[in-house]
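Working notes, structure below.
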Amino acid sequence: MNRIPYCCQRQGGAVFVTGLIFLLALSLLGITAAKMATIEERMSANMRDRMLAMQAAEMALRYAEHHIRDNDPSTNSPKSIEGMSEFDTNCTDGFCYYGAGVDAPNRSWETYCNPVCPINYVEGNVFRFNDIPYTAPGLPAGVPAPTYLIEGIQKTPPGNTLRYYYRITVRAQGAKQGTVVWIQEIFRP
């Protein structure tokens, strides 16, 4: 008996093409997921750096308040800021004063805090307030010391006595040089 050889049908290759398309779609999905993870990681790192700068600015703000209330934290000498005795229009040593009843005529921190303000935050420094020692807390690792400027404002509201206010402007930086935070507060001791 002679057999006739069976000849299989030729395949069109549809499975191969479909598999390649499916593999391409999965590859694109994987690449997109990796890019999204990288972007989210960068966003969280930038947010962390901004929070570090904000913490440093808040610490400097509290430090400046203690500076005003009691003594000079940089020398640890009892030097109460009483009225406007240490302030002048040239902002010597970071203390600005423009005259009785006059607020800052311009945004003075743009002039005197370029690129940093004149007064430095001193980490670990101890000074006293109401006979209680205050230690300036340590800054987070890699964060430079913030700087600040104090502007004296002397006002007499109608029917009241003379009041002294102090506008504190703080410039703080995160671990990255481009992350800068400015905080400003009007403080009345």
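The values are calculated or read from the model by the stated rules, or taken from the named source; none is laboratory data. Computed from a prediction, not measured in an experiment: that's the story for all the values here. Note that we place each Cβ from the backbone using ideal geometry, even for glycine, and neighbour counts take in every protein chain shown.
For every residue, the table says whether it meets (1) touching an Asp or Glu at 6+ places or on another chain (Cβ under 9 Å); (2) of a type in the set (A, V, I, L, M); (3) within 14 Å of Ala56 (Cβ to Cβ); (4) at pLDDT below 60.
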{"residue": "Ala100", "(1), (2), (3), (4)": "no, yes, no, no"}
{"residue": "Val116", "(1), (2), (3), (4)": "no, yes, yes, no"}
{"residue": "Pro133", "(1), (2), (3), (4)": "no, no, no, yes"}
{"residue": "Pro140", "(1), (2), (3), (4)": "no, no, yes, no"}
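Scanning the stretch 142-189 for residues that are at pLDDT 85 or above and of a type in the set (Gly, Ala, Ser) returns Ala172, Gly174, Ala175, Gly178.
Out of the residues in the stretch 167-183 that are within 9 Å of the chain's Cα centre (by Cα) and not in a strand (DSSP E or B), which is surrounded by the fewest Cβ atoms within 10 Å (Cβ to Cβ)? Steps first, please.
Start the filter on the stretch 167-183 by keeping residues that are within 9 Å of the chain's Cα centre (by Cα), which leaves 171-174, 179-183.
Next, only the ones that are not in a strand (DSSP E or B) stay: 174, 179.
On the way: Gly174: 24, Thr179: 18.
Only one residue fits best here, namely Thr179.
Of all the residues that make up the stretch 135-163, how many are under 23 Å from the mean Cα position of the chain (by Cα), of a type outside the set (Val, Ile, Thr) and surrounded by 11 or more Cβ atoms within 10 Å (Cβ to Cβ)?
10
One line per residue, one yes/no per condition, for (1) at pLDDT 90 or above; (2) closer than 30 Å to Thr111 by Cα; (3) among the hydroxyl-bearing types (Ser, Thr, Tyr); (4) in a strand (DSSP E or B):
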{"residue": "Met1", "(1), (2), (3), (4)": "no, no, no, no"}
{"residue": "Ile4", "(1), (2), (3), (4)": "no, no, no, no"}
{"residue": "Ile21", "(1), (2), (3), (4)": "yes, no, no, no"}
{"residue": "Leu29", "(1), (2), (3), (4)": "yes, no, no, no"}
{"residue": "Ile39", "(1), (2), (3), (4)": "yes, no, no, no"}
{"residue": "Arg42", "(1), (2), (3), (4)": "yes, no, no, no"}
{"residue": "His67", "(1), (2), (3), (4)": "no, yes, no, no"}
